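K.L.:
Encoded as structure tokens, here's the structure I'll be asking about.
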Amino acid sequence: MAIDKIESAGLATNTNQPNFRNIIINGDMSAAQRGTSQASITSSQYLLDRHYFNISGLGTWTMSQSTDVPTGQGFASSIKLDCTTADASPAASDYLMLQQRFEGQNLQYLKKGTSSAESLTLSFWIKSTKTGTYIADLYDFDNTRQISKSYTVSATDTWEKKILTFAGDTSGALDNNNARSLDVDLFFGAGSDRSSGTLNTSWGSNVQANRAVGQVNLADSTSNEVYITGLQLEAGTLASDFEFLPVDVNLRRCQRYFEQMTADYPGLSASNKGTYSGTSVYFKVIKRATPTMSDVT
């Protein structure tokens, strides 16, 4: 059966606290409209909703939705990245990260660019075969500003919770529109273009070489894999318990950016009048911007 998909360029949304305090959408990795597994990945793409696997060089990967989760935390799914072709010697421009992008109009309450700018706390669970130093960063797309934090995966094949707090940025207000304004990036590898400087642990103008200094190369062996779940970004200096949303609410938030339909989808209708025929598409959710359609038959 033919399957069509509707895509609206990848960005994410948020509603003010206390409800929807998690800026990340689908942080529990439960929504996977495109499917649950994709092999032979060498270029950037989505699989699980809202989570952009951003790759340039650094091997070949299988990305999947996994049921391997930390025990007793309420999660049913994680995202798994499995290296299937290794790259032990990254080129200078190579990088590997999991990324989510956010609309500026949903982040105005962070008061970025003012003396009252809110701190942000990132928390998540990670399990990796490769121990060592990893880097997470926030990237201000509007003002080309950036801040990085390092953390350590201490034990192989063990779920560990990580909490990173980023100071508020008193420079560079985020645009109040539906365009990409802020990214959160979890690095898994970086060539010298992004790792040869000094780690930028305070907000400042972006210097690429300072973004991922010290990051281990997860692509250096086909034995390497990593799992992530419980991804949460929230205002303040403390990490609250993960905010679980009802399945229907989480899905509708994802459908603002991507909606998949089959031939029997209730939003499709066809007409044939004389020599003219056409199909109408009625979306379940209003899209962030004018979408594009592609056939993935």
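The values are calculated or read from the model by the stated rules, or taken from the named source; none is laboratory data. From a predicted model like this one, the values you see are computed outputs, not experimental measurements. With ideal geometry, Cβ positions are generated from the backbone for all residues, glycine too; neighbour counts draw on all protein chains shown. Just the protein is used for accessible areas: all its heavy atoms, side chains included, with ligands, DNA and RNA removed. Shrake-Rupley method; radii C 1.70, N 1.55, O 1.52, S 1.80 Å.
K.L.:
Of all the residues that make up the range 208-265, how many are closer than 18 Å to residue 182 by Cβ and of a type in the set (Phe, Trp, Tyr)?
P.N.:
1
K.L.:
Select, from 109, 134, the only residue that is more than 18 Å from residue 44 (Cα to Cα) and either open to solvent by less than 20 Å² (accessible area, probe 1.4 Å) or small (Gly, Ala, Ser) (or both).
P.N.:
Details: 109 fails: either open to solvent by less than 20 Å² (accessible area, probe 1.4 Å) or small (Gly, Ala, Ser) (or both).
Testing whether each residue is more than 18 Å from residue 44 (Cα to Cα) and either open to solvent by less than 20 Å² (accessible area, probe 1.4 Å) or small (Gly, Ala, Ser) (or both) leaves just 134.
K.L.:
What are the residues in the range 112-131 that are hydroxyl-bearing (Ser, Thr, Tyr) and either open to solvent by less than 10 Å² (accessible area, probe 1.4 Å) or under 16 Å from the mean Cα position of the chain (by Cα) (or both), if any? Walk me through how you get there before you give the answer.
P.N.:
In the first step, residues of the range 112-131 are kept if they are hydroxyl-bearing (Ser, Thr, Tyr); the result is 114-116, 119, 121, 123, 128-129, 131.
Scanning the range 112-131 gives 121, 123, 128.
K.L.:
Looking at this structure, is residue 200 assigned to a loop (DSSP other than H, G, I, E, B) and in contact with a helix residue (DSSP H, G or I) (Cβ under 9 Å, 6 or more places away or on another chain)? Can you show your working first?
P.N.:
Values: assigned to a loop (DSSP other than H, G, I, E, B): yes; in contact with a helix residue (DSSP H, G or I) (Cβ under 9 Å, 6 or more places away or on another chain): yes.
When the stated conditions are applied, residue 200 passes them.
K.L.:
Among 31, 39, 2, which is the only one that is small (Gly, Ala, Ser), more than 12 Å from the chain's Cα centre (by Cα) and at pLDDT below 95? Break it down into steps so the answer makes sense when it comes.
P.N.:
Details: 31 fails: at pLDDT below 95; 39 fails: at pLDDT below 95.
Only one candidate qualifies: 2.
K.L.:
Let me ask something else. Say whether the condition of being at pLDDT 90 or above, open to solvent by less than 30 Å² (accessible area, probe 1.4 Å) and closer than 18 Å to residue 136 by Cβ is met by at least one residue in the range 249-264.
P.N.:
no
K.L.:
Follow-up question, since we're still on this one. In the range 43-65, what residues are more than 19 Å from residue 100 (Cα to Cα) and buried (at least 18 other Cβ atoms within 10 Å of the Cβ)?
P.N.:
Of everything in the range 43-65, those that are more than 19 Å from residue 100 (Cα to Cα) and buried (at least 18 other Cβ atoms within 10 Å of the Cβ) turn out to be 58, 59.
K.L.:
When you check residue 238 against the structure, is it open to solvent by less than 20 Å² (accessible area, probe 1.4 Å) and either over 30 Å from residue 285 (Cβ atoms) or assigned to a strand (DSSP E or B) (or both), yes or no? Outline the logic, then answer.
P.N.:
Numbers: open to solvent by less than 20 Å² (accessible area, probe 1.4 Å): no; either over 30 Å from residue 285 (Cβ atoms) or assigned to a strand (DSSP E or B) (or both): yes.
So residue 238 does not fit the description; no.
K.L.:
Looking at 168, 191, can you tell me which residue is buried (at least 17 other Cβ atoms within 10 Å of the Cβ) and in contact with a Pro (Cβ under 8 Å, 6 or more places away or on another chain)?
P.N.:
On the way: 168 fails: in contact with a Pro (Cβ under 8 Å, 6 or more places away or on another chain).
Testing whether each residue is buried (at least 17 other Cβ atoms within 10 Å of the Cβ) and in contact with a Pro (Cβ under 8 Å, 6 or more places away or on another chain) leaves just 191.
K.L.:
Any idea which of 220, 193, 185 is in a helix (DSSP H, G or I), modelled with pLDDT of 95 or more, within 28 Å of residue 61 (Cα to Cα) and not hydrophobic (A, V, I, L, M, F, W, C)?
P.N.:
Numbers: 220 fails: in a helix (DSSP H, G or I); 185 fails: in a helix (DSSP H, G or I).
Of 220, 193, 185, the one residue that is in a helix (DSSP H, G or I), modelled with pLDDT of 95 or more, within 28 Å of residue 61 (Cα to Cα) and not hydrophobic (A, V, I, L, M, F, W, C) is 193.
K.L.:
Take residue 46 and decide whether it is farther than 29 Å from residue 238 by Cβ and under 16 Å from the mean Cα position of the chain (by Cα).
P.N.:
Details: farther than 29 Å from residue 238 by Cβ: yes; under 16 Å from the mean Cα position of the chain (by Cα): yes.
So residue 46 fits the description; yes.
Residue by residue, here is whether (1) of a type in the set (D, E, K, R); (2) within 15 Å of residue 224 (Cβ to Cβ); (3) in contact (Cβ under 8 Å) with a residue 60 or more places away in the chain holds:
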position: 52; (1), (2), (3): no, no, no
position: 70; (1), (2), (3): no, no, yes
position: 74; (1), (2), (3): no, no, yes
position: 85; (1), (2), (3): no, yes, yes
position: 99; (1), (2), (3): no, no, yes
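K.L.:
For the range 205-217, give me each residue that is surrounded by 14 or more Cβ atoms within 10 Å (Cβ to Cβ) and assigned to a strand (DSSP E or B).
P.N.:
First, the residues of the range 205-217 that are surrounded by 14 or more Cβ atoms within 10 Å (Cβ to Cβ): 206, 208-217.
Answer for the range 205-217, where residues must be surrounded by 14 or more Cβ atoms within 10 Å (Cβ to Cβ) and assigned to a strand (DSSP E or B): there is none.
K.L.:
What do you reckon, is residue 84 part of a strand (DSSP E or B), more than 20 Å from the chain's Cα centre (by Cα) and among the β-branched types (Val, Ile, Thr)?
P.N.:
yes
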